[in-house]
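The values are calculated or read from the model by the stated rules, or taken from the named source; none is laboratory data. Note that the coordinates shown come from a computational prediction; the quantities given were computed from them, not determined experimentally. As a convention, Cβ positions derive from the backbone with ideal geometry for all residues, glycine included, and neighbour counts pool all protein chains shown.
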Amino acid sequence: MSYQRFVAVGDSCAEGLDDPHPHGGYYRGWADLVAARLAATEPDFRYANLAVRGRRLDQIAAEQIPKVAALEPDLVTLFGGGNDVLTRGWTARTVAARVDAAVRALTSLAPAVVVFTLSDLSGQLPMGRRMRPRLIALNDAIREAAVSYGALLVDLWQDPAAGDLRYFGPDRLHLGEHGHRRVAAHLLERLGAPYEESWLRPLPGTPAPPSLRANVDWLRREVLPVAVTRFRNRLIGRSPGDGFLPKRPELLPVLAEEAATESALVLR
């Protein structure tokens, strides 16, 4: 099946953090890579990305999904839930209800909807043992909603790349360049579209585990500032992502230079 109107909704992963665009100015990410590949075979292809970093599923439903209806897409992707897992007051029932509502709404707006489970990042997160049951519950809800409403599922839970920090950015949570390519390949494969097989091959060599000093530096540089910011935001009633806008709020053609950049990546 070919697609002409693709809309991505979600959080920072759908926005493209931590995959800086080669030309600078904004983040690229798996959704941009997929759009460039789909546009290569569909002259009338249009792409919008409504995702905003830091957004929970209830915020995605309130802020992004109403805009999807006006865009009338034939393909929508939803990548979210990670911020719900990290939220105080989390309960499996609440997150399951949010997942169900979001997937139900999107499948009523587009003929093809793709949802993603999250990878097992518990080994890379502070208090990872506490987070793992939450990730499992979130993924169970995503799988159930996909079956209930006929959404396509890209199941990343068992992807072995989750154990290789080379797929992630400096915070060990957001995908890096290699991670976004891998997700793009998984999605294109699920859609039955051509993709670069090298994006799914393991990276060469065996990654060395981070040293104690590297772990301490990571905690000081990446974890503590985020914890402090989240605490301050709670005090003033501010949510992560407030003040940020979608990078591509309208359905626009994929420009020739965007497709050329994606093609250059394949040749690396």
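Could you tell me whether segment 167-176 includes any residue that is in a helix (DSSP H, G or I) and without any contact (Cβ under 8 Å) to a residue 40 or more places away in the chain?
Looking through segment 167-176, at least one residue is in a helix (DSSP H, G or I) and without any contact (Cβ under 8 Å) to a residue 40 or more places away in the chain.
For segment 132-162, enumerate the residues that are touching a His at 6+ places or on another chain (Cβ under 8 Å) and under 19 Å from Ala102 (Cβ atoms).
Val154, Leu156
Pull up segment 116-145, narrow it to residues that are among the small types (Gly, Ala, Ser) and more than 23 Å from Gly16 (Cβ to Cβ), then point me to the one that is modelled with the lowest pLDDT.
Gly128
Quickly run through segment 177-207 and pick out the residues that are touching a Pro at 6+ places or on another chain (Cβ under 8 Å), aliphatic (A, V, I, L, M) and either farther than 20 Å from Ile142 by Cα or assigned to a loop (DSSP other than H, G, I, E, B) (or both).
none
Is at least one residue of segment 34-44 within 26 Å of Gly163 (Cα to Cα) and touching a helix residue (DSSP H, G or I) at 6+ places or on another chain (Cβ under 6 Å)?
yes
Of all the residues that make up segment 57-85, how many are at pLDDT below 95 and touching a Pro at 6+ places or on another chain (Cβ under 9 Å)?
Residues flagged as at pLDDT below 95 and touching a Pro at 6+ places or on another chain (Cβ under 9 Å) within segment 57-85 amount to 1.
Read through the list (1) surrounded by fewer than 20 Cβ atoms within 10 Å (Cβ to Cβ); (2) touching an Asp or Glu at 6+ places or on another chain (Cβ under 9 Å); (3) of a type in the set (S, T, N, Q), then give the number of the only condition that Thr87 fails.
Looking at each condition in turn, Thr87 falls short on (2).
When you go through (1) farther than 17 Å from Ser12 by Cβ; (2) in a loop (DSSP other than H, G, I, E, B) one by one for Val216, which number turns out not to apply?
If we test Val216 against (1) farther than 17 Å from Ser12 by Cβ; (2) in a loop (DSSP other than H, G, I, E, B), just (2) comes out false.
Test Gly179 against the criterion of being within 16 Å of the chain's Cα centre (by Cα), at pLDDT below 75 and under 23 Å from Thr77 (Cβ atoms), and give yes or no.
Here the answer is no, as Gly179 does not meet what is asked.
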